[in-house]
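Participant: I have a structure I would like to understand better, so I am pasting it below and will then ask my questions one at a time.
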Amino acid sequence: MRKSLLLLFLLFVTIATQAQNQTASLQGTVKTEKGAPAELLTVALEGTRLGTNTDEQGRFRLTDIKPGSYTLRLGGVGYATRRQSIQLAAGQELVLNLSINTDQQALSEVVVSASRVVEALDETPASVHVLDTRTLQLQSQVSPNIANILAATVPGLALNSNTTSNVGQTLRGRNVLVMIDGIPQSTPLRNGSRDVRTIDPEAIERVEIVKGATAVYGNGADGGLINYITKQATTSAPFSAYTAVAGTGMLQHSRNTLGGRISQQFSGKLKSFDYVASGTYEKTGVFKDGEGQVISPIYGLGETQMYNGFTKLGYTINPKHRLEAMYNYFGSSQNSTYVEQLGKYAERPAVGVKGEVLGKNEGTRYNHNAQLRYTAKSLFLNTDLELSAYLQRFYTIYGWSATFQNGGQSTIQSNKKGIRLNLNTPFLITPNVHGSVVYGVDYLNDITSQPLVDGRTWVPEMDLNNMAPYAQLQLNLFQDFIFKAGYRYDNVKIDVPDFQQLVMSNGQGGSFVKGAKLDFDANTFNFGLRYAGWNAFKPFVSYSQGFSMIDVGRYVRGAKENFIAQMDLEPVIVNNYEAGFHSRLGIVNLSGAYFISTSKLGSNLKANDEGVYTIERAPERVAGFEALADVFISDKLTVGANAAYSEGKVDLDNNGSYNDEADKYLTGLRIPPLKMTSYVNVKPMQKLNLNLQWIYSGDRDRFAPNAKGAYSSGEGPVKSFNIFNLAAAYQVTSKLNLNLGIENLLDKAYYLPQAYWYGRDDNFTRANGARFQLGAAYKW
């Protein structure tokens, strides 16, 4: 297989170097109606994959364009979309000086995650949410934790836990696949729930969230995917730099809470070589709740040190060929002087008290991501090619536990290697019917294990190999109709070796477990249709499938003798049915979607009295809606709000009905309560920007206590809360910016949903009280 991929690569390189089409180029400058440079605009030729962004001076350049007639599209958040017809002759270099009107209602972000091609957000027949650079900067002022940022801004994504864990932070009630530039961060062989907080926002240019089941990138996205797109180089100068510093702490009860962060970035372009590099360090103090009590340190974010190093190097071989290398390192370690004092569920919180912390510091020791990417344009049949190779190495340490014989700490180690070949061939049927076919193959090797820190084996090294060819068709019909259809086939093989079971503190374990070779296939389809002819109403309908596998490692570590060979590895195939729209009515932008998500099988793990896991393989159904509105009252005042609600049940008697007495609701591990957010953005003067955000989380009470009066994990009744966050920025000069962010502005003492639905004394912890971040940023 590896030899075949190498030969395929050499074949494409040979074809690419022999292709000698005479092409045209296009460059220019874009300014606003007031004459200011229009930065971070999307500039693209419709019907092609050719596109770029304007730099700080509003400049752009497109090369290697096939001669002909095109429609040039300009757009971006905060600007009205502009289209202009252009004609390019062979060998021509067209220079344009363009203007564009500012319009805060505009929504024309270009995305690539939804189907691996460049496309406009409001013309995609799917629910895609994009956090652009400006939104990331604004939200980072309140909290630099990317899990907090996503929870506060993405409808349909559950709230975070205020810890290093993202247990329960589902998307539309199902699993979410997290990626960095397409590199998977999730560890499906042994889900450690550490994949959301794997990179610092300072290394991110934007975040693309595809909602609903999708198999575009394979396993684990049965609820959708989150793709962190890393920063691109600044190409307007050979050298530029950016420095940001901030102090953090609690507004009230500030003793021992002070911390800080510093970030440095360098970027530029030298002839055919471009680069961007950044480093960020953060150290936090003690985290306290609204009553001044120290929050439980178990997997907490207080007293932690975070490091993030990022670099991206690019080399443009010629107008058609480019090489790009990316590397990102993320590490986080807690060094706390506090231990947990148990609370009482639903009565008083678990808190931190001074004490001796056993074992090694908890946290992600390293998360290495590296990628080498080669792109070529206009090869055979005018095909664009992208070939990338990546690796990820991940190692995290969990807290000390007495459940193991003589105590101990578990870890998760995951090493991934992958290759992706992606081709895009455009075609023209008639002047009114054109499109493209995106096709290729993905290969992934994932070796994951769960040993203890001292070397004892809890889960042995599981070796996964996944080969997946795919194809995606896009048709543009009469300019206003966009139709998509696609198919992906995943062939997954997992090798589990023989191993000696870990002995637990109760004396159980120690058995010899025979390994096995396991495999499964997944066939997934999708199609969608959007009408984009009216700004007032752009509706879409879609059907998409995604799949996820069971948590193999959790099953394996409790297996007996020959149980592994008997495992039911059949994947959970999720069907997502959706209808939605985007509307622009004067000063109002509206969008919404209703979805139904079904699966014939579930993968919820159930443990018996001996700790052996079985799989609850019953049909599931999740349904819900999302709605967003933004009102652009003036250049100085914008307001907006969004809401998301979902509910899910499992058909335990498998009779096609979800309302029988035997059926039950899905737990809080999967289904979040109603979430609503709103904001008011005010610019009282040209240099000052104020943003006030309100977050509301509702009630959810679907389960009765057991015979002992307690709740099973995930079934505790969730109570509502609401908080306010504030972000303020002041532009002192063109280079110096001051900013202030306050999380939980009113210093409310409240509990996040995870504290309730766990139903346990040790997890009943409060969220942060009023927490500030005061900083300055300088461009030089």
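The values are calculated or read from the model by the stated rules, or taken from the named source; none is laboratory data. Please read all numbers here as calculations on a predicted model, not as lab measurements. Cβ coordinates were reconstructed from backbone atoms using ideal geometry, including for glycine residues, and neighbour counts include every protein chain displayed. These accessible areas exclude ligands, DNA and RNA; they are computed on the full protein's heavy atoms, side chains included. Shrake-Rupley method; radii C 1.70, N 1.55, O 1.52, S 1.80 Å.
Participant: Classify the range 157-297 from the C-alpha gyration tensor, please: rounded if a/c falls under 1.5, else prolate or oblate depending on whether a/b exceeds b/c.
Facilitator: oblate
Participant: Restrict the search to the range 297-357; then list the GluC sites (Glu not before Pro) that DSSP places in a loop and that have at most 14 other Cβ atoms within 10 Å of their Cβ.
Facilitator: Within the range 297-357, the qualifying GluC sites (Glu not before Pro) (loop, at most 14 other Cβ atoms within 10 Å) are E347, E356.
Participant: Please identify the trypsin sites (Lys or Arg not before Pro) of the range 674-739 that satisfy two criteria: DSSP loop assignment and at most 13 other Cβ atoms within 10 Å. Which are they?
Facilitator: Counting only loop positions with at most 13 other Cβ atoms within 10 Å, the trypsin sites (Lys or Arg not before Pro) in the range 674-739 are K687, K708, K735.
Participant: For N491 paired with E661, estimate the spin-label separation in nm (one decimal), with each label point 7 Å from Cα along the Cα-to-Cβ line.
Facilitator: 4.9 nm
Participant: I've got another one for you. Determine, at each q value in 0.25, 0.29, 0.33, 0.34 (inverse angstroms), the log₁₀ of I(q)/I(0) that the Debye formula gives when each Cα of the range 625-664 is one equal point scatterer.
Facilitator: Debye intensities relative to I(0), on a log10 scale: -0.80, -0.89, -1.01, -1.04.
Participant: Here is a further query. Report, please, the projected area of the range 671-780 averaged over directions, based on the convex hull of its C-alpha atoms, in nm².
Facilitator: The orientation-averaged projected area of the Cα hull of the range 671-780 comes to 9.0 nm².
Participant: Could you tell me whether the range 342-494 comes out rounded, prolate or oblate from its Cα gyration tensor? Rule is a ≥ b ≥ c as square roots of the eigenvalues, rounded for a/c under 1.5, then prolate if a/b exceeds b/c, otherwise oblate.
Facilitator: Because a/c hits 1.5 or more and a/b exceeds b/c, the range 342-494 counts as prolate.
Participant: So, for the range 182-256, what is the accessible surface per residue at a probe of 1.4 Å, expressed in square angstrom?
Facilitator: 27 Å²
Participant: Provide the gained length on full extension for the span R61 to A579, in nm with one decimal, where the gain is 0.36 nm per separating residue minus the Cα-Cα distance.
Facilitator: 182.8 nm
Participant: Can you give the log10 of the normalised intensity I(q)/I(0) at q = 0.14, 0.15, 0.18 Å⁻¹, computed with Debye over equal Cα scatterers of the range 339-420?
Facilitator: Values, matching the q order: -0.72, -0.77, -0.91.
Participant: Relative contact order for the chain: what is it in percent, counting Cα pairs under 8 Å that are at least 6 residues apart?
Facilitator: 11 percent
Participant: Heads up, I need the accessible area for K649: 1.4 angstrom probe, whole protein in place, Å², nearest 10.
Facilitator: We get 40 Å² for K649.
Participant: Shape call for the range 176-227 from the C-alpha gyration tensor, a ≥ b ≥ c root eigenvalues: rounded (a/c under 1.5), prolate (a/b greater than b/c) or oblate?
Facilitator: oblate
Participant: What does the highest-first list of 572-582, 35-45 look like by mean Cβ count within 10 Å?
Facilitator: 572-582, 35-45
Participant: Translational diffusion coefficient of the chain at 25 °C, 0.890 mPa s, Stokes-Einstein with Kirkwood Rh over Cα pairs, in µm²/s as a whole number.
Facilitator: Result for D is 90 µm²/s.
Participant: Suppose we keep just the alpha-carbon trace of the range 487-528; what are its Rg and Dmax in angstrom?
Facilitator: 18.0, 55
Participant: Let me ask something additional. What are the ³J(HN,Hα) values, in whole Hz, obtained from phi via the Karplus relation 6.51 cos²θ - 1.76 cosθ + 1.60 with θ = phi - 60°, for each residue of the range 390-398 in sequence order, with x given for Gly and Pro?
Facilitator: 9, 9, 9, 10, 10, 8, 10, 10, 9
Participant: Which percent of the Cα-Cα distances in the range 200-258 go past 13 Å?
Facilitator: Above the 13 Å cut-off, the range 200-258 has 76 percent of its Cα pairs.
Participant: Near K271, which lysines are there with a Cα under 30 Å away, not counting those fewer than 8 places off in the same chain?
Facilitator: Those lysines meeting the cut-off are K31, K66, K231, K312, K320, K377, K735, K779.
Participant: Taking Rh as the Kirkwood radius, which is the inverse of the mean 1/r over Cα pairs, what is the Rg/Rh value for the range 406-445?
Facilitator: 1.51
Participant: Another one. How much length, in nm to one decimal, is gained on full extension between S69 and N256, taken as 0.36 nm per residue of separation minus their Cα-Cα distance?
Facilitator: Value of the extension gain: 60.8 nm.
Participant: I've got another one for you. In nm, to one decimal, how far is the Q479 label point from the A389 one, both placed 7 Å along Cα→Cβ?
Facilitator: It is 4.6 nm.
Participant: Also, I was wondering about something else. Mind checking the full-extension length gain between T733 and F512? Use 0.36 nm per residue of separation minus the Cα-Cα distance, one decimal, nm.
Facilitator: Extra length from T733 to F512 when fully extended: 72.7 nm.
Participant: Determine the alpha carbon to alpha carbon distance for each of K514/K560; K211/K484; K649/K708 and list only those over 18 Å.
Facilitator: Among K514/K560; K211/K484; K649/K708, the Cα-Cα distance tops 18 Å for K649/K708.
Participant: Using the reciprocal of the averaged 1/r over all distinct C-alpha pairs, how large is the Kirkwood radius of the range 621-693 in Å?
Facilitator: For the range 621-693, inverting the mean 1/r across all distinct Cα pairs yields 15.4 Å.
Participant: Moving on. Apply the Karplus parameterisation 6.51 cos²θ - 1.76 cosθ + 1.60, with θ equal to phi minus 60°, to every residue of the range 633-645 and state each ³J(HN,Hα) to the nearest whole Hz, in sequence, with x for glycine and proline.
Facilitator: Going residue by residue, I get 5, 7, 5, 9, 9, 9, 10, x, 7, 8, 9, 9, 9 Hz, with x marking Gly and Pro.
Participant: Between Q232 and A80, what FRET efficiency follows from the Cβ-Cβ distance if R0 is 30 Å, with the result rounded to 0.05?
Facilitator: Computed FRET efficiency for Q232 and A80: 0.80.
Participant: Just to verify a number: what accessible area does F478 come out at with the full protein assembly present, 1.4 Å probe, Å² rounded to tens?
Facilitator: The value for F478 is about 130 Å².
Participant: Follow-up. At a Förster radius of 22 Å, what calculated FRET efficiency corresponds to the Cβ-Cβ distance of F520 and Y543, to the nearest 0.05?
Facilitator: Result of the calculation: an efficiency of 0.45.
Participant: Magnitude of the Cβ-charge dipole of the range 221-361, K/R +1 and D/E -1, about the Cα centre, nearest 20 debye?
Facilitator: Computed charge dipole of the range 221-361: roughly 520 debye.
Participant: Here's another thing I want to ask about it. Two decimals is fine: what's Rg over Rh for the range 123-218, C-alpha atoms, Kirkwood radius as Rh?
Facilitator: Ratio value, two decimals: 0.93.
Participant: Another question about this same structure. Taking all protein chains in place and a 1.4 Å probe, what share, in percent, of the accessible surface of the range 461-595 do carbon and sulfur account for?
Facilitator: The computed percentage sits at 57.
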